[in-house]
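One structure below.
Each reported figure results from applying straightforward, stated rules to the coordinates on display, with no laboratory input. None of the values given here were measured: they were computed from a predicted structure. Neighbour counts run over all protein chains shown; Cβ positions are idealised from the backbone, glycine included.
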Amino acid sequence: MSDLGFDPELVSRLDRPGPRYTSYPTADRFTEAFTAREYEAHARRRYMAGQHRGMSLYIHIPFCRTVCFYCACNKVVTGDRSRALPYLAHVERELAMQAQLHEAGARRIDQLHWGGGSPTFLDVAQMRGLMNAVRRNFSLGDDRTGDFAIEVDPRFIDAETVAALRDMGFNRLSLGVQDFDPEVQRKVNRVQSLEQTAAVVRAAREHAFKSVNIDLIYGLPSQSVFGFDATLSRVIDLAPDRIALYNYAHLPHLFKPQRRISEADLPSASQRLDILQRAVRRFGRAGYRYIGMDHFALPGDDLALAQDQGRLRRNFMGYSPHADNDTIGVGVSAISNVGASYSQNAHGVDAYYEAIERGELPVVRGIELDADDLLRRAVIQGLMCHFLLYIPSIEQTFLIDFRSYFARELDELRAFEQSGLITVEPADRPEWLTVTSRGRFLVRNLCMVFDRHLRDRPTAQRYSRTV
Ligand code: SF4
């Protein structure tokens, strides 16, 4: 048994494909019966009900200059920057359509996120143009309280671009790194020096970005505990406010670039676990708190504060301190969450353009949540974000008797309780579900117990492994 309490036998029993629960129900449950018409109805209902809450806005920029072999994102690889011009024109039209639908003047955007692909594929003038379009259509919240984030590729931006991003209104940067080991970088076709990354972090500090995030991946080809340890040292020296450490999901039947990765080069499950444990230990010693599912943050960061104050939530951008915001997703494959619905835009650029040119929102699939989905979503959010569930509060909100409604689930949790992953107390009439410190690293397995869709129709082909 390791110092984190991982029993190898337990881990190998639980190491199976599972959702990351950035939504519940998960995106593979969306259907084409949910169209733009249903999405619009949900948005209007929200507004008519007078629920003028803050909103989150996600914009997907799908272009990348080169392909990383581990990539599972929706992207277009091209060296031709002019390919972005028609895309940006269509995104601007979608922004205007969404703003009109949501009567956006009355609602504040307090979380903005540009992801991809690589948003920094765009040049500074293109990015300014897009940010101006956002501001024309929506009212951006205050710099002190709002989160305005952009994913950046340190290989292709310089300090002046970082300064320009701050000037446009971004206050958070998320840097893709994955691993500094040159051999791993070569194997995944992403060669990025420490100096390139350090220069972007320095520039972010100079220009008063309030938070810098670094993305890492474990489970990549040629990774070892020793090699990744050197990466951890470098990342800790850079002192980002947040660190995301993702588990590589090798699904070459779904993601073509991954066919360039030889399975023989991948670390075994026990090596992956060793790498994860080493990372958890080193981040902990360096003062980072494990927020949950892949994420670490310094205690003063908003994610840690939101967790302390019980307002942390999970959405398609990961963890968010903006509890219960509606999320509007703009651009190809972007996902929206409005009221009791999720919906997703067309995946391909051509289908996306065609819908916009017909004057329609490019929604191609989605799901309307029923009462059971809303209840289970609240349970899963509680476990994922706070590692804790106070059962009477769920009973009062959803008017159920938890013990009878979730009799089967409570029964299934017993095996996890015996393995030391969760406590259910008091045993005779449960009031608290508490994920233990060792259970935190396997919280997906615990959430899967409450996933009715997974039980009714098991599917694993798009999921990463839980360890
Ligand atoms: S990992 Fe990021 S930068 Fe690399 S190909 Fe995928 S979207 Fe582009």
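Quick check on the stretch 223-359: take the gyration tensor over C-alpha atoms, sort the square-rooted eigenvalues as a ≥ b ≥ c, and tell me if it's rounded (a/c under 1.5), prolate or oblate. It comes out oblate by the Cα gyration axes.
Show that you can apply the helix-only estimate: for the chain, add -39,500 (n - 2.57) for every DSSP H stretch of four or more residues, divide by all residues, and state [θ] at 222 nm to the nearest 500.
So the helix-based figure for the chain works out to -11500 deg cm²/dmol.
Set the Förster distance to 45 Å, then compute FRET efficiency between A264 and R403 from the Cβ-Cβ distance, nearest 0.05. After rounding, the FRET efficiency stands at 0.35.
May I ask you to compute the full-extension gain from V77 to S393, defined as 0.36 nm times their residue separation minus their alpha-carbon distance, rounded to one decimal in nm? List each step's numbers first, then the result.
Details: separation 316, 0.36 × 316 = 113.76 nm, distance 4.81 nm.
My answer for the length gained is 108.9 nm.
Percent of alpha carbon pairs in the stretch 402-456 separated by more than 13 Å?
Numbers: 866 of 1485 pairs.
Beyond 13 Å sits 58 percent of the P(r) for the stretch 402-456.
Could you pull out every one of the aspartates and glutamates with an alpha carbon less than 16 Å from that of K75, ignoring same-chain neighbours closer than 8 positions? Within the straight-line limit of under 16 Å, K75 reaches these aspartates and glutamates: E151, D153, D350.
Only four residue types carry charge here, +1 at the Cβ of Lys and Arg and -1 at the Cβ of Asp and Glu. Report the dipole size of the stretch 311-467 about the Cα centre in Debye, rounded to the nearest 20. Let's see the in-between values first.
Working: 19 positive and 21 negative charges, 126 e Å.
Here the size comes out at about 600 debye.
A dipole drawn for the stretch 319-390 from +1 and -1 charges on Cβ atoms has a positive end, and of P321, Y342, V363 the residue lying farthest that way is P321.
Annotation: amide H of L216 within the under-5 Å range of Q178, A244, L245, Y246, sequence separation 5 or more or interchain, hydrogens built in the peptide plane.
Along the axis of the charge dipole computed for the stretch 28-330 (Cβ charges of +1 for Lys and Arg, -1 for Asp and Glu, origin at the Cα centre), the listed residues H42, Y70, L140 are led at the positive end by H42. With each label modelled as a point 7 angstrom along the Cα→C-beta vector, the E103-R128 pair spans 3.5 nm.
Subtracting the Cα-Cα distance of Q271 and A41 from 0.36 nm times their residue separation leaves 77.9 nm of extension gain. Annotation for the stretch 385-441 versus the stretch 163-182: alpha-carbon center distance of 39 Å. Were the residues from R93 through E32 laid out at 0.36 nm apart, the gain over their Cα-Cα distance would be 19.7 nm.
Think of the stretch 371-458 as having a plus end and a minus end, set by charges on the Cβ of Lys, Arg, Asp and Glu; of F406, P458, S393, P458 sits farthest toward the positive end of this dipole.
Loop sites only, by DSSP: take the trypsin sites (Lys or Arg not before Pro) in the chain that have at most 10 other C-beta atoms within 10 Å and name the longest stretch containing none of them.
Longest stretch, sites excluded: 145-357.
Spacing of the modelled spin labels on R414 and R13, each 7 Å from Cα toward Cβ, amounts to 1.4 nm.
Which of the GluC sites (Glu not before Pro) found in the stretch 378-467 are in a DSSP loop and have at most 16 neighbouring Cβ atoms, other than their own, within 10 Å? Walk me through the intermediate numbers first.
Numbers: sites: E395, E409, E412, E417, E431; in loops: E431.
Answer by residue number: E431.
Considering every Cα-Cα pair within the stretch 28-330, what fraction, in whole percent, is farther apart than 26 Å? Numbers along the way, then the final one.
Details: 22096 of 45753 pairs.
The answer is 48 percent, as a whole percent.
The alpha-carbon of K256 sits under 13 angstrom from the alpha-carbon of none of the aspartates and glutamates, leaving out residues fewer than 8 places away in its chain. Each residue of the stretch 159-167 is assigned a 3J(HN,Hα), and the resulting list reads 4, 5, 5, 4, 4, 5, 5, 5, 4 Hz, derived from the Karplus form 6.51 cos²θ - 1.76 cosθ + 1.60 (θ = phi - 60°), x at Gly and Pro. Taking other C-beta atoms within 10 Å as the exposure proxy, F255, F228 rank F255, F228 from fewest upward.
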